[in-house]
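See below for the structure under consideration.
Each reported figure results from applying straightforward, stated rules to the coordinates on display, with no laboratory input. Since the structure is predicted, the reported quantities are computational estimates derived from the model, not experimental observations. No Cβ is skipped: glycine too gets one built from the backbone with ideal geometry, and neighbour counts run over all protein chains shown.
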Number of protein chains: 2
Amino acid sequence: MNVIEGGVTAAAGFEAAGVEAGIKYKNRKDMSLLYSRVPCRAAGVFTGNVVKAAPVLWDREIVAHSPYAQAVVVNAGIANACTGKQGYDCCRQTAKKAAEELNIPEDAVLVASTGVIGWQLPVNKIEAGVEKLVKEKAHTREAGQAAVEAMMTTDTKPKQAAVEIEIDGKTVTVGGMCKGSGMIHPNMCTMLGFITTDLAISKELLQEALREDVQDTFNMISVDGDTSTNDTLVVLANGLAGNAEITEKNADYDKFREALHYIDETLAKMMAGDGEGATALFETKVIHAATKEEARILCKSVVCSSLTKAMIYGHDANVGRIMCALGYAGVDFDPEQVDLFCESDENRMQICKDGMLTDYDEEEATKILSAPEVRVIVDMHRGEAQAAAWGCDLTHEYVNINADYRS
Amino acid sequence: MNVIEGGVTAAAGFEAAGVEAGIKYKNRKDMSLLYSRVPCRAAGVFTGNVVKAAPVLWDREIVAHSPYAQAVVVNAGIANACTGKQGYDCCRQTAKKAAEELNIPEDAVLVASTGVIGWQLPVNKIEAGVEKLVKEKAHTREAGQAAVEAMMTTDTKPKQAAVEIEIDGKTVTVGGMCKGSGMIHPNMCTMLGFITTDLAISKELLQEALREDVQDTFNMISVDGDTSTNDTLVVLANGLAGNAEITEKNADYDKFREALHYIDETLAKMMAGDGEGATALFETKVIHAATKEEARILCKSVVCSSLTKAMIYGHDANVGRIMCALGYAGVDFDPEQVDLFCESDENRMQICKDGMLTDYDEEEATKILSAPEVRVIVDMHRGEAQAAAWGCDLTHEYVNINADYRS
C-alpha cells in the first residue's frame, strides 16, 4: 500500500469542484461537487440520530434503491435539518438540477449538507451553485482540494487522504475527504465523508466493508459527545481500475479493506485532532481487555470525558480522572488490576500501576502531555482484545466557538 | 410543610462542626463533623462508578450491616480514591478516632471524602482534625454552616436546606447539606450529601424513600457528565421528634416523602446551578412523554449536551442543538411532533412547532436565555409522563478550573 497525494480525485474517472455559492458564508467556497465519469456502486452509513436531516433521508433512499450513483452535491452553512417537507423537496430539486446539468438520472445524485439546523436552504442559490460546479469540475488534485475546502465549517484544516494498492495486476486507488469539527460523536459514521475508488467490487461487499470499518474508525472519535443530525459517509466505486470485480471475501478484498481502513482511520483522526478549539489529538488505547466491545466502550469513555479533555488542555496527568472515566463506562472490572501509561511520539511513562498512582515525575508527564498528539494507554489485564478511540482537548476556544455559533 | 432556615443541625439532637485541618487547602475549613446525640437509622445511596473511593466502600458496609450510625466525618481536598488498602485503612483509623472521641462504636461512624483522586490522606492530620471537630461540635445554625462550608471544593456557595412538617402531632424537621460542582453526573446519588431528621422511621422505609427520591432529584442533574468515584448521599433519622415510628407506607410516610423530596430537589438544583464555572441554572422539562423513563432520558440528554450548554452560555436559542440532543438520546420518536419552548421566571416563548422553527423574535429569546434560571420545555405529544433535569452552562471558567485543578 502506497500513501499518495490527493483525495477524492486520486482514483481514475473522478472529478470534483468547489465554488462560492453564497449559501450562508460570504467570500469563500461553500458548495462542492463530486462526480464520476461512469456510474458507481454506492455504499453509505448514516447518523443514528432519530432527528435526521433531509439529505440523510434522501441519500439513504439512493444508496438502498438506486441501481447506481454518479454524483454528490454538498453545501456548507445550512444543515437542512428540522426543515420538514420543504427541506426534502430542496434535496430533490438539487438532485434534479445536477442531473440535468450532468446528463445523468436524478436518482444517481446524492446530496449532503452541514451547518445551522432549522433554517431552509435558498434553492435558487443552490441551483446556481450547481451550474458553476458542473462547469468547473475537473479530474485534478486542485479540484479535489477545492471540493474539500468548500465543505468546511468550523474546521481549520481540509482533510483528505489517498492510497494506491495493487489488485488483480491493476493499480487501484482509494481516496477520501471529510469535514467535521463540532457536533462530532458519530454513531454509524462521521459528519460528512466521501470516499472514491476505481475498484470493481460488488455493492454488497462495498457496503459490508464500509459498515465494518466505521466501527473501528469514525465511530471511535468524539469531539463533544453530540451525534449530529447530518452524519453521512458514502463510498463510490466506479470500476475503472479494470480489475475483475470482487464478489467474495478473498485476498483482494482484504487488500481493499486494508486500504479503506487506512483512509477511514486517517480521516477520522484528522477530524478528532481538528475538533473545535482543539490544540491536541487525544488518543486512548485500551489493551488486554476481555472483549473488543469492552475495549471500545472503555476507550471511548475516556476520550469523551469533559474532565480528561480539560486535563489534556492543561497538560496535567490527572490519573484520577482517567480511572473515573473508565469506572463509569459501564464495564464491570477490578480497578486494582489497571495500569495506565501516557505517551507522546518521543516518550512513554507509567502513571498508574494496579489502580494506584506510580511515583512518576510530574514535570516529565506534563512534557509528554504537551505534545500535539497525546496517547493514554490503558492495560486492563483481562484478556487479548484491544481498541483505540480519538478525541481532542476541551479548550476556551471550544466555548468561544459554541457560545455563539450562528452569528 | 414549612421551609425554615438552616440545614443539618435543624432537626433535634443533631450537632455539627467545621474546622481547619490542613489536609490540602490552606487557611480554610476542610473537615466537617455531623453527630447525633442518640443513635440513628441510616440509609444511603452510593456511586455507580466501578472505581469506588475507599469511604464509599466503608460507608456501604456501615449502612448495610451496622445496627445504627451516629456520626459522619468529612474531609475536602483529597478524595481517598484509587488508594488501595492504605486508603481503606485510613477510613478505619478515622472512624476509630471519632469513635474514641465521641464514645460511640467504630461501626457507627461514616466517613466521606472529596477532592483529588489518587493521593493518600495524611492520617495524622485527619486524627488531629477529628479532635478539633469533636471539641467544637454544637447544635446551632452556625455549626451547620461551618460544616457545609468545610466540605466545599470548587463550589462557590454552601448548599443547605431545611423544612418542618407535622407527623403524629409532633413537629418533625428534615434538613440537609451537600457539596458538588465538578465531576457531577450522579448515578445512584450525588457528590456528597447528608440529610438529617428527627423522625422515627424504620430503616427499610428510610432506605426505600431515599432510593426512590434520588431518581427524580440527584440522578437528574449533570454538570459535566462525569460520574464521580465518591458520590455519597446519606440520611440519618434519630427519632427524637417523638412520633410513633413509621413502619408502613401511610399518610405520615407520604408527608415525610414530600419533605425529603423538597430537600433533595432543592439541594440538587443548588448543585447544578453552582456547577463549575456556571453562570446559569439550566432546566429541561419534558412533558407528554410516553413513559416516565423516556421523559427522564430525553431531558437528561439535553442538559448533558456540550452544545446546548454552550448555547445557554451564549444566550442563543439554537433550536437545532436541542432537537439534536433529543434525537440521539436513544428514544425512538417522530421529530415532527415535537414542540419546544424557552422560559425564564418572567417570560415564555415557543421556539419550535412540529419539529420546525417558529418565527420567533431572536432578541426576545436571547433576553429569556440571559436569565440566571433558564428552562427549556419539550412537549413530545406522546403521552402523559413528564420529568425534569437540571444542569448548567458550559463556560470559559469551567475550562479554567479543570485545565489545572490539582495546583
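Quick one: among A:THR229, A:THR266, A:THR114, which has the greatest mean-square fluctuation in a GNM of chain A with alpha-carbon springs under 10 angstrom? Residue with maximal mean-square fluctuation among A:THR229, A:THR266, A:THR114: A:THR266.
Counting Lys and Arg as +1 and Asp and Glu as -1 over every other residue whose Cβ lies under 9 Å from the Cβ of B:TYR35, the net charge comes to +1. The largest-to-smallest principal axis extents of the Cα set in segment B:281-403 are 41, 32, 22 Å. Of the DSSP beta bridges with both residues in segment B:281-403, give the percent that are antiparallel, rounding to the nearest 5. The antiparallel proportion sits near 70 percent. Note on the protein assembly as shown: with charges restricted to the Cβ of Lys and Arg (+1) and Asp and Glu (-1), its dipole about the Cα centre is near 380 debye. Scaling against 2.2 N^0.38 Å puts the C-alpha radius of gyration of segment A:208-333 at 1.27. Here's the picture: charge each Lys and Arg Cβ at +1 and each Asp and Glu Cβ at -1 in the protein assembly as shown, and of A:ILE246, A:HIS288, B:THR171 the one pushed furthest to the positive end of that dipole is B:THR171. Of all beta bridges that DSSP places with both ends in the protein assembly as shown, some 70 percent have antiparallel geometry. Out of every Cα-Cα pair in segment A:287-341, what percent are more than 12 Å apart? It works out to 65 percent of all Cα pairs.
Just to be sure I understand: of the beta bridges DSSP finds with both ends in segment A:2-273, what percent are antiparallel, rounded to 5?
Values: 37 of 52 bridges.
That works out to approximately 70 percent antiparallel.
For chain A, what is the charge dipole size about the Cα centre, in debye to the nearest 20, if Lys and Arg each add +1 at the Cβ and Asp and Glu each add -1 at the Cβ? Write down the numbers at each step before the final one.
On the way: 39 positive and 61 negative charges, 349 e Å.
So the dipole magnitude of chain A works out to roughly 1680 debye.
Computed over chain B with a Gaussian network model linking Cα atoms closer than 10 Å, the most mobile of B:SER222, B:SER306, B:SER36 is B:SER306.
Any chance you could run the full-extension gain for B:VAL123 through B:ASP359? It's 0.36 nm times the residue separation minus the Cα-Cα distance, nm to one decimal.
Values: separation 236, 0.36 × 236 = 84.96 nm, distance 6.26 nm.
Fully extending the segment from B:VAL123 to B:ASP359 adds 78.7 nm.
The ellipsoid that matches the Cα gyration tensor of segment B:1-120 has semi-axes, each √(5λ) in whole angstrom, of 23, 18, 15, with the longest given first.
Across all C-alpha atoms in segment B:162-250, the radius of gyration and Dmax reach 14.5, 44 Å.
Under the definition of Cα pairs under 8 Å and six or more residues apart, what whole-number percent is the relative contact order of chain A? Provide the component values of the computation, followed by the final result.
Details: 1099 pairs, mean separation 71.2, N = 407.
Answer for chain A is 17 percent.
Strictly over 21 Å apart at the Cα level, which of B:LYS203/B:LYS269; A:LYS300/A:LYS367; A:LYS203/A:LYS300; B:LYS24/B:LYS132 would you flag in this model? With Cα atoms farther than 21 Å apart: B:LYS203/B:LYS269; A:LYS300/A:LYS367; A:LYS203/A:LYS300. Distance to the A-onto-B rotation axis is smallest for one chain A Cβ; residue and value in angstrom are A:HIS396, 3.
For the protein assembly as shown, the alpha carbon positions stretch 89, 55, 43 Å along the principal axes, listed from largest to smallest.
Report the charge-dipole magnitude of segment A:72-155 in Debye, nearest 20, computed about the Cα centre from +1 at each Lys and Arg Cβ and -1 at each Asp and Glu Cβ.
100
The C-alpha atoms of chain A define a longest principal axis, and helix A:54-65 lies at about 80 degrees to it.
Taking a ≥ b ≥ c as the square roots of the eigenvalues of the alpha-carbon gyration tensor, segment B:57-147 is classed oblate because a/c is 1.5 or more while a/b is no larger than b/c.
Against the main long axis of the alpha-carbon atoms of chain B, helix B:123-136 sits at an angle near 90°. When Rg and the Kirkwood radius Rh are both evaluated on Cα atoms of segment A:36-106, their ratio Rg/Rh stands at 0.96.
Angle of helix B:203-216 to the longest C-alpha principal axis of chain B, folded into 0 to 90 degrees and rounded to 10: 30°. When chain A is treated as a GNM with alpha-carbon contacts under 10 Å, the residue of A:PHE194, A:PHE333, A:PHE282 showing the greatest mean-square fluctuation is A:PHE333.
B:ALA71 sits among other residues whose Cβ lies under 15 Å from its own Cβ, and their net charge, with Lys and Arg +1 and Asp and Glu -1, is -1.
Of the GluC sites (Glu not before Pro) found in segment A:307-407, those that fall in a DSSP loop while having at most 16 other beta-carbon atoms within 10 Å are A:GLU346, A:GLU384. B:ASN2 label point (Cα plus 7 Å toward Cβ) to equivalent points in the other copies: 8.8 nm, shortest first.
Cα centroid separation, segment A:72-89 to segment A:101-141: 11 Å. Neighbours of A:GLY84 by Cβ distance under 10 Å: Lys/Arg scored +1, Asp/Glu scored -1, total -2.
As an equivalent ellipsoid, chain A spans semi-axes of 38, 24, 18 angstrom, where each value is the square root of five times an eigenvalue of the C-alpha gyration tensor, largest first.
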